[in-house]
1. Find all pairs meeting these conditions: Cβ atoms under 6 angstrom apart; at least six residues apart or on different chains; first residue within the range 317-333 and surrounded by fewer than 10 Cβ atoms within 10 Å (Cβ to Cβ); second residue among the hydrophobic types (A, V, I, L, M, F, W, C) and modelled with pLDDT of 95 or more.
2. Is there a residue in the range 121-128 that is surrounded by fewer than 20 Cβ atoms within 10 Å (Cβ to Cβ), at pLDDT 95 or above, aliphatic (A, V, I, L, M) and within 15 Å of the chain's Cα centre (by Cα)?
3. Does the range 236-257 contain at least one residue that is farther than 28 Å from residue 184 by Cβ, among the aliphatic types (A, V, I, L, M) and crowded, with 20+ Cβ neighbours inside 10 Å?
4. Restricted to the range 275-289, and to residues that are of a type outside the set (Gly, Ala, Ser), out of contact with any Pro (no Cβ under 9 Å at 6 or more places or on another chain) and crowded, with 19+ Cβ neighbours inside 10 Å, which residue is nearest to residue 229 (Cα to Cα)?
5. Quick one: is residue 317 within 18 Å of residue 217 (Cβ to Cβ) and either modelled with pLDDT under 95 or among the hydroxyl-bearing types (Ser, Thr, Tyr) (or both)?
Amino acid sequence: MKWNKLLLITASMGLLAACADEGTDEEVTDDTEEVADDTEDTTEESDATTGATQSVIGSADDLEEAFSADGGWIVIFEGDVEADQELTLAEGPTNDGEIARKLALYTQDEDRNIQERFTLTVPSVTIESENSRIQGGTVAGDVYVNANGFSMPEGTIDGDLIFGSEEYQESADLEEGEVTGEVRVEGGEEEADATTGATQSVIAGSDDLEEAFSANGGWIVIFEGDVEADQELTLAEGPTNDGEIARKLALYTQDADRNITDRYTLTIPSVTIESENSRIQGGTVAGDVYVNANGFSLPEGTIDGDLIFGSEEYQESADLEEGEVTGEVRVEE
């Protein structure tokens with residue numbers, strides 16, 4: 001009888017243990033499913049994506065590939081990054097079938113509240129992709145926009161924002177962002193004054209002059225300040241603007257309404273103009289200018305020296321009405 005009771009108690013304890021284990025398994029399974037659900041929800045609601053659709057920036061070495069057409073549509077920054085190269089955000093990636101690029105300069109929680117904001121410090125970024133955005137952080141440098149649909153949700157540009165056309169500017173949404181510098185249009189046709197990419201050369205110092213004035217330079221040569229050099233320069237023929245041979249010395253900056261805000265002076269012994277449709281605009285060349293091509297002009301420009309044409313034809317084709325020459329204007333064949 002005692003043995004029967006003992007066996008019964010032992011069997012009961014085994015049954016209870018089995019039930020307890022089964023209950024524990026159910027609780028663990030329920031908890032795991034709940035975490036999985038949370039993860040799925042977070043993935044759907046967050047801004048970052050996975051696989052080939054994203055590029056992660058851990059350092060400056062990651063920038064070139066990430067910004068290329070082979071990079072992800074979203075470029076995710078993990079901290080502040082500083083680089084000395086000019087970057088181009090190329091067109092190529094898509095988001096849900098739509099061409100788009102995004103610089104995600106922040107981290108966020110599961111409720112999409114921004115936790116940390118990062119800064120990309122570069123000389124400039126050129127936007128070539130439609131529907132691009134700088135979001136949540138700062139680009140410290142000038143931004144050139146050559147595409148429609150640019151936006152700045154909670155983003156900052158610590159520099160100038162330059163649109164390649166009025167169309168690009170009109171399609172942009174800047175309401176949620178901030179630009180510390182000028183917002184202006186510089187590009188396109190006659191109404192625009194600057195372009196980007198291979199069509200422009202920027203002069204920061206006298207070392208930049210020779211290459212910029214050569215046939216390999218941009219059609220527009222943009223000055224960022226006064227420059228002085230001791231060499232004689234030749235503005236070579238080669239570059240074109242909208243298919244037309246042309247060169248321009250842009251010795252000024254302007255605001256969004258195209259009002260000149262700063263004028264600069266290039267001081268040199270002489271400049272020889274070899275390209276048709278060349279102009280000295282907005283500032284001063286302190287030195288003699290020799291013109292050996294048709295279509296020379298001086299829109300709001302000054303030559304502090306002599307202006308010498310290589311033929312009467314070149315002089316007759318020139319337009320000097322909007323400019324000033326302090327020295328002689330003559331023909332020397």
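1. Within 6 Å, the pairs are 332/308.
2. So far as the range 121-128 goes, no, none of its residues is surrounded by fewer than 20 Cβ atoms within 10 Å (Cβ to Cβ), at pLDDT 95 or above, aliphatic (A, V, I, L, M) and within 15 Å of the chain's Cα centre (by Cα).
3. Residues of the range 236-257 farther than 28 Å from residue 184 by Cβ: 236-237.
Those left that are additionally among the aliphatic types (A, V, I, L, M): 236.
Remaining after also requiring crowded, with 20+ Cβ neighbours inside 10 Å: none.
No, the range 236-257 has no match at all.
4. Ranking the qualifying residues of the range 275-289, first place goes to 285.
5. Values: within 18 Å of residue 217 (Cβ to Cβ): no; either modelled with pLDDT under 95 or among the hydroxyl-bearing types (Ser, Thr, Tyr) (or both): yes.
Criteria not met by residue 317.
The values are calculated or read from the model by the stated rules, or taken from the named source; none is laboratory data. All figures in this text were calculated on a predicted structure; none of them were measured in a lab. Positions of Cβ are generated from backbone atoms using ideal geometry, with glycine treated the same way; all protein chains shown enter the neighbour counts.
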